[in-house]
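All of the numbers you see were taken from the coordinates with simple rules; none came from a lab. Just so it is clear, the model here is predicted, and its values are computed rather than measured. Counting neighbours? That spans all protein chains shown, and the Cβs are built from the backbone with ideal geometry, glycine included.
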Amino acid sequence: MTAYSLVVYSKPVAGREDEYNDWYTNVHLGDVLKIPGITSARRYKAAAGQDQTNPYLALYNVETNDITALFTELSRRAAAGEMVISDAMAEANMVIFEAITPEVTE
C-alpha cells in the first residue's frame with residue numbers, strides 16, 4: 001500500500017459558517033471515511049493572523065494501491081448523491097500528496 005495525504009482547503013459561503021461547519025464535521029467527514037482506503041480525517045482552521053483566503057483545512061490519511069480508483073469512487077459517490085456536498089461551502093481546493101518517507105515519530 002502507498003500512503004497519501006489528501007489535503008482540502010475550503011471556505012464557507014459568507015454568513016453560513018455555522019451551517020458549513022456542522023455539515024463538514026457531522027456529515028461530510030463520515031461520508032468520506034466510508035470510502036475504502038481513506039483511514040482517518042481531521043479538520044483545522046487557520047490560526048488568528050494567518051491568510052484567510054481558504055481558512056479551513058481537512059486532512060485525510062489514505063492508504064491505497066490505486067489512487068485513481070479512489071478518486072473515481074469519490075466522484076461517483078458525489079455524483080450519485082451518496083455523499084452530499086453542502087451549498088454552504090463556497091469553494092474547495094484538493095491536493096493529494098504521496099508519502100516519500102516513512103512516518104517519523106521520534
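Looking at the stretch 68-91 only, could you name the residues that are more than 16 Å from LYS11 (Cα to Cα) and assigned to a loop (DSSP other than H, G, I, E, B)?
Correct list: ALA80, GLY81, GLU82, MET83, VAL84.
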Give the residue, chosen from SER40, SER75, SER86, that is under 22 Å from ASN26 (Cα atoms) and in contact (Cβ under 8 Å) with a residue 24 or more places away in the chain. SER86
When the stretch 1-20 is examined, which residues are found to be touching a residue at least 24 places away in the same chain (Cβ under 8 Å), farther than 15 Å from GLN52 by Cβ and either assigned to a helix (DSSP H, G or I) or hydroxyl-bearing (Ser, Thr, Tyr) (or both)? THR2, TYR4, SER5, GLU19
